[in-house]
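The values are calculated or read from the model by the stated rules, or taken from the named source; none is laboratory data. Quantities reported herein were computed from a predicted structural model and do not represent experimental measurements. Neighbour counts are summed over all protein chains in view; Cβ atoms, including those assigned to glycine, are modelled from backbone coordinates with ideal geometry. With ligands, DNA and RNA removed, areas are computed over all heavy atoms of the protein, side chains included. Shrake-Rupley method; radii C 1.70, N 1.55, O 1.52, S 1.80 Å.
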Amino acid sequence: MPKIPALPTAEPGLPRQDAEPTEAQLTAAAATFALLASPPRLHLVWLITHGSYDVGTLAKRVGISIATVSQHLSKLRLAGVITARRDGRRHLYTVDDPHVVTLVEQIFDHIAPDGTLAPDPPTTR
């Protein structure tokens, strides 16, 4: 039976982009993807990556109740996907993590408006 080559591992305390993910990383990534698996929640995150919004505006844009939006926002905040800041009597929600912004941008670059996979851009040689 052929031997499977070992993948590179990161030195303790130093991340490696080509290192196999740890169990903790896999668990956290799966939880993040599960959190974003809800179309209304993903819509909220998409909106919030494009600006700061209050709960009422988000509810109107997504087409769901303020109470439901508040529940989604609470879960997203607890997971660290979004943040909130106070502006007078209201809270404005935003995405401060550039990794989340990139993740959301990448998925919608990959999916065409009709829901099919978008073609890859031509490569230059």
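Any residue that is closer than 18 Å to residue 38 by Cα and aliphatic (A, V, I, L, M) - is there at least one of those in the stretch 91-98?
yes
Within 25 Å of residue 29 (Cα to Cα), touching a residue at least 12 places away in the same chain (Cβ under 8 Å) and open to solvent by 30 Å² or more (accessible area, probe 1.4 Å): is that true of residue 101 in this structure?
So residue 101 passes the test.
Quick one: is residue 113 within 15 Å of the chain's Cα centre (by Cα) and open to solvent by 50 Å² or more (accessible area, probe 1.4 Å)? Can you show your working first?
Values: within 15 Å of the chain's Cα centre (by Cα): no; open to solvent by 50 Å² or more (accessible area, probe 1.4 Å): yes.
No.
Could you check the stretch 70-98 and list, in sequence order, the residues that are buried (at least 17 other Cβ atoms within 10 Å of the Cβ) and over 14 Å from residue 43 (Cα atoms)?
84, 91, 92
Would you say residue 58 is farther than 30 Å from residue 119 by Cβ, assigned to a helix (DSSP H, G or I), under 14 Å from the mean Cα position of the chain (by Cα) and at pLDDT 95 or above?
no
If I ask for residues that are small (Gly, Ala, Ser) and at pLDDT 95 or above, which ones from the stretch 9-27 would you list?
24 - this is the single residue of the stretch 9-27 that is small (Gly, Ala, Ser) and at pLDDT 95 or above.
Taking residue 81 as the residue in question, decide whether it is part of a loop (DSSP other than H, G, I, E, B), within 10 Å of the chain's Cα centre (by Cα) and over 13 Å from residue 53 (Cβ atoms).
So residue 81 passes the test.
Test of understanding: among 67, 37, which residue is closer than 23 Å to residue 109 by Cβ, at pLDDT 95 or above and either part of a loop (DSSP other than H, G, I, E, B) or open to solvent by 50 Å² or more (accessible area, probe 1.4 Å) (or both)?
After ruling out the rest, the residue left standing is 37.
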